[in-house]
Amino acid sequence: MKLEKLVCNSCGAPLEVPESANFVTCNHCSTQLAVNRSASITFTEAVERLTVQAQELNNRVDGLEAQNAVEALDREWEQERRSYVIRTKNRGEHIPTESGAIVDGVFCMIPGVFGISFGTFIVSSGPLHDAKWVFIGFGLLFILWSLAMMHSRRNKAQEFKIAEYQYLNRRAELLQQLDQ
Ligand SMILES: [Zn+2]
């Protein structure tokens, strides 16, 4: 059996190691050593240190995975968020909110209320009094439409809040993994 002359990485004592051995215990300081063989050089390394390095590498890989997951989650969310965006004349593109839905709904009802009032109090007392139902009918339709819109926007606003909450929770979980 051929022996290699190496040096203990921990205490510096000379070692004679069989060429096939991957691990050796130092006679002098009893440190467990791994034998590193590269093309140009062979050296020993304390096993505990290797374990620590492997652990650090593992943590780094875990961290990288968590970081990638956060970035993927952010991209996914950006897309999902866009699906909630609505466009209105006075506010442009925005995410619907519950209070905004109510304000918009009430605002849209104004022509409906006006139509009903006009039909009831003005048209009905004039020569075209039978036409009052046209105004009242349109007014009612307008109000119903406004209510439906208000309702659907409120739902959308609530759905968005839930989705955002879930996204933020998931993100916090991933960031916690990064910190470990
Ligand atoms: Zn030693």
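What follows is calculated from the coordinates using simple rules that are stated; it is not laboratory data. Given the structure is predicted, the values throughout are model-derived calculations rather than measurements. As a convention, Cβ positions derive from the backbone with ideal geometry for all residues, glycine included, and neighbour counts pool all protein chains shown.
Can you give the angle from 0 to 90° between the axis of helix 98-117 and the longest principal axis of the chain, with both taken from C-alpha atoms, to the nearest 10? Helix 98-117 sits at roughly 10 degrees to that axis.
What FRET efficiency, computed as 1/(1 + (r/R0)^6) with R0 = 22 Å and r the Cβ-Cβ distance, is obtained for Q32 and M1, rounded to the nearest 0.05?
Details: r = 21 Å, r/R0 = 0.95.
Once the sixth-power term is evaluated, E becomes 0.60.
Charge dipole (Cα centre; +1 on Lys/Arg Cβ, -1 on Asp/Glu Cβ; no other charges) of the chain amounts to roughly 840 debye. For the chain, the longest principal axis of the alpha carbon atoms and the long axis of helix 47-82 meet at an angle near 10°.
Rounded if a/c is under 1.5, else prolate if a/b is larger than b/c, else oblate: which is region 3-54, with a ≥ b ≥ c the root eigenvalues of its Cα gyration tensor? Please report the intermediate quantities before stating the final value.
Values: a/c = 1.73, a/b = 1.11, b/c = 1.56.
Oblate is the answer for region 3-54, as a/c is 1.5 or above yet b/c matches or exceeds a/b.
Cβ-Cβ distance of F23 and R170, R₀ of 45 Å, FRET efficiency by 1/(1 + (r/R0)^6): the value works out to about 0.55.
Kirkwood Rh and Cα-based Rg: tell me the resulting Rg over Rh for the chain, rounded to two decimals. Working shown, then result.
Numbers: Rg = 37.5 Å, Rh = 23.6 Å.
Reported Rg/Rh, Kirkwood definition of Rh: 1.59.
The dipole here belongs to region 84-179: it is taken about the Cα centre, uses +1 on the Cβ of Lys and Arg and -1 on the Cβ of Asp and Glu, and is about 140 debye. Unpaired Cys in the chain, meaning no second Cys C-beta under 4.7 Å: C108. For region 1-70 versus region 136-180, the inter-centroid distance based on Cα atoms is 56 Å. Among the trypsin sites (Lys or Arg not before Pro) found in region 1-108, those both in a DSSP coil and sparsely packed, with 14 or fewer other Cβ atoms within 10 Å of their Cβ, are K2, K89, R91. Mind pulling the angle between the C-alpha long axis of helix 132-179 and the longest principal axis of the chain? Nearest 10 degrees, somewhere in 0 to 90. Helix 132-179 sits roughly 10 degrees off the main axis of the chain.
Starting from the coordinates of the alpha-carbon atoms of region 84-179, obtain the Kirkwood hydrodynamic radius over all distinct pairs and give the value in Å to one decimal.
Value: 16.0 Å, from the Cα pair sum.
For the Cα trace of region 65-140, dividing Rg by the Kirkwood Rh returns an Rg/Rh value of 1.41.
Mind sorting E16, E45 by how few other Cβ atoms lie within 10 Å of their own Cβ, fewest first? List each step's numbers first, then the result.
Working: E16 10, E45 16.
Lowest count first: E16, E45.
Rounded to the nearest 20, the size of the Cβ-charge dipole of region 1-81 about its Cα centre is 580 debye, with Lys and Arg at +1 and Asp and Glu at -1.
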